[in-house]
Amino acid sequence: MTDVPAGGPQLPQRRKLVTEIPGPASRELQARRASAVAPGVSSTLPVYITAAGGGVLLDADGNSLIDFGSGIAVTSVGNASPRVAERVQAQVAQFTHTCFMVAPYAGYVEVCEALNAKTPGAHEKRSALFNSGAEAVENAVKIARHATGRQAVVAFDHAYHGRTNLTMALTAKNMPYKSGFGPFASEIYRVPMAYPLRWPDGPEACRAEALDAVKGLIHAQVGEQNVAAVIIEPVQGEGGFIVPPDGFLPGLAEYCRENGIVFIADEIQSGFCRTGDWFACDHEGVVPDLVTTAKGIAGGLPLAAVTGRAEIMDAVHPGGLGGTYGGNPVACAAALGAIETMEAEDLPGKARRIGEIMLPRLRKLASSHPLIADVRGRGAMIAIELTKPGTLDPDAAATTAVAKYCHQQGLMVLTCGTFGNVLRFLPPLVIGEDLLEEGLDILDDAFAAL
Ligand SMILES: Cc1ncc(COP(=O)(O)O)c(C=O)c1O
């Protein structure tokens, strides 16, 4: 491993293939993995990574791949980002763990201060830190139930909130997330998502009809007075990068306010500059009661948070929240480095620029490939949905074929969607424009090769 270059932005920012993908060294590791790692944990593309930075991933065979995945929207500041690496190294040398619930430290408080300042709304807030997105969602539900004294939680079609028991219940898609893992947590109710492409009466009718459907179902099947929280991803992630029409989220927030329901925005995938704003809710000035964050928050270290109105967060008794590792000092140091980078390098602006480059090119691609039914997203959270031409029948096979072509050409792309027919693009926000254009050229070739 001594001849492996160090990761970070100084890695050569170019695509270079020296073997087939995956190459022999990755295949050897994959063979060892088969007898050591539980197969339930799978990988999109089994190239084994030795270094990464900027917009590239370097593998064990010396291939340099273009990264349009950011480890599922995590390394927004880039891999081994300098301010993150510096702060983490300094923190590791000082102390690695005390448990904030035993003996606290400043980094935790500083991350909470930053979250309270950056999340939507100027009201007084508090934050609590956890390890993973799912854990943050679980805690947001705990807090909402405790604060309201109510039990029901309303989630949406196509939602993804995690893989723990409660978050599986909130997640919509059966395979691979839920099948065989029940029974699930109770008091979860599902309502339709405002999904413009698939709304039965068309995109124009989507906002108003979806809002009416949500309100009608809650009234008839749950009762507003029983609902502790409505939880929604402001731009849905795993479910297919579904962007609700303008007005839907403000309407939902207003409805929650009128009915004493805690409005939880799950910004775990869409937050921290990804959509061109600090948080996707900022786009329409929506102010949630609670916000869950993770992924992009700490440049790749495991950290998650719930941030919310002081009066809701303060309702929970001391000791009611926490966990051994939540807000680990090394992860907090990483988060402070990541947030500093987002501010210093204007990453919301970089995300918007990525959208300005990607969206027109993808729309042009769609104009010559009728199986692209929709191009959508904001900033650097962009997707295309593939259907059988002229219909809404999902084309998961073509989606898989395009992804496979890209992988073989050294472009990391991810798929998603309830029907497995969405290609999603989540480049690191620090990716160079040349790499971005080259990745889009590969995508053009992939469609030409179908
Ligand atoms: C919107 C959303 N919520 C929750 C989660 C779960 O986060 P984690 O995988 O860190 O538990 C994810 C992960 O993809 C997500 O996208």
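The values are calculated or read from the model by the stated rules, or taken from the named source; none is laboratory data. Since the model is a prediction, treat every value here as computed from it, not as a measurement. We place every Cβ from the backbone using ideal geometry, glycine too, and count neighbours over all the protein chains shown. When the accessible area is computed, the model is the full protein with side chains, heavy atoms only, and any ligands, DNA or RNA have been set aside. Shrake-Rupley method; radii C 1.70, N 1.55, O 1.52, S 1.80 Å.
Of all DSSP beta bridges confined to the chain, the antiparallel ones make up roughly 65%.
For region 190-232, the calculated P(r), taken from all Cα-Cα distances in 10 Å bins from zero up to the bin holding the longest distance, is 29, 48, 21, 2 percent.
Placing unit charges on the Cβ atoms only, positive for Lys and Arg and negative for Asp and Glu, gives the chain a dipole magnitude near 760 debye about its Cα centre. Shown here: region 66-115, whose C-alpha atoms stretch 42, 24, 16 Å along the first, second and third principal axes, sorted largest to smallest.
Apply the Kirkwood formula to region 385-430: the hydrodynamic radius equals the inverse of the mean of 1/r over all pairs of different alpha-carbon atoms; give it in Å with one decimal.
Radius from the Kirkwood sum: 11.1 Å.
Our Cα-only numbers for the chain put the radius of gyration and Dmax at 21.5, 65 Å.
With contacts taken as Cα pairs under 8 Å and at least 6 residues apart, region 315-384 reaches a relative contact order of 24 percent.
Between the alpha-carbon centers of region 38-103 and region 1-34, tell me the distance in whole angstrom. The distance from the Cα centre of region 38-103 to that of region 1-34 comes to 14 Å. For the pairs 178/404; 173/295; 16/350, flag any whose C-alpha to C-alpha distance is greater than 23 Å. Correct reply: 178/404; 16/350.
Accessible area per residue for region 58-146, computed on protein heavy atoms with a 1.4 Å probe, is 41 Å². Each 10 Å bin from zero up to the one holding the largest Cα-Cα distance in region 311-371 carries the following percent of pairs: 17, 20, 23, 20, 15, 5.
Determine which residues of region 296-338 fall in the zone a paramagnetic label at residue 96 would reach in this model, i.e. backbone nitrogen under 19 Å from the point 7 Å along Cα→Cβ. Under cut-off, by backbone N: 300-303, 324-335. Residue ranges 142-153, 262-273, 73-84, 295-306 sort as 262-273, 295-306, 73-84, 142-153 when ordered by packing (mean number of other C-beta atoms within 10 Å per residue, highest first). Diffusion of region 196-280 by Stokes-Einstein, at 4 °C in a medium of 1.567 mPa s and with Rh set to the Kirkwood radius over alpha-carbon pairs, works out to 94 µm²/s. Semi-axes of the equivalent ellipsoid for region 16-122, computed as √(5λ) from the eigenvalues of its C-alpha gyration tensor and ordered from largest down, come to 35, 18, 15 Å. Note on surface exposure: 138, 437 rank 437, 138 by accessible area, highest first, 1.4 Å probe.
Overall, the accessible surface of region 213-294 at a probe of 1.4 angstrom is composed of carbon and sulfur to the extent of 47 percent.
Rank 44, 275 by accessible area, highest first, at a 1.4 Å probe radius?
44, 275
Counting heavy atoms of the protein chains alone, residue 175 has an accessible area of about 120 Å² for a 1.4 Å probe. Seen through its C-alpha gyration tensor, with square-root eigenvalues sorted a ≥ b ≥ c, region 191-332 comes out oblate because a/c lies at 1.5 or above while a/b is not bigger than b/c.
Of the solvent-accessible surface of region 317-383, computed with a 1.4 Å probe and all protein chains present, 53% belongs to carbon and sulfur. Are there any helices in the chain, counted as whole DSSP H runs, that stretch 20 Å or more along their axis by Cα and score at least -1.0 on average by Kyte-Doolittle, and if so which? Those that pass (Cα extent of 20 Å or more, hydropathy at least -1.0) are 133-148, 203-217, 329-344, 347-368, 433-448. Accessible area of residue 340 (1.4 Å probe, protein heavy atoms only, ligands and nucleic acids ignored): about 70 Å².
Other residues with beta-carbon under 14 Å from the beta-carbon of residue 417 carry, at +1 per Lys or Arg and -1 per Asp or Glu, a net charge of -3. The convex hull of the Cα atoms of region 328-450, projected and averaged over all directions, covers 8.6 nm².
Can you give me the convex hull volume of the Cα atoms of region 267-360, divided per residue and expressed in Å³?
103
Remark: the Cα gyration tensor places region 145-241 in the oblate category, a/c being 1.5 or greater and a/b not exceeding b/c. Dividing the summed -39500 (n - 2.57) terms of all DSSP H runs of n ≥ 4 by the residue count of the chain sets its mean residue ellipticity at 222 nm at -11500 deg cm²/dmol.
Based on protein heavy atoms only, region 249-366 ends up with 32 Å² per residue of surface accessible to a 1.4 Å probe. Computed over protein heavy atoms with a 1.4 angstrom probe, the accessible surface ordering of 4, 235, largest first, is 4, 235.
Report the full-extension gain for the segment residue 397 to residue 151: residue separation times 0.36 nm, less the Cα-Cα distance, to one decimal in nm.
84.5 nm
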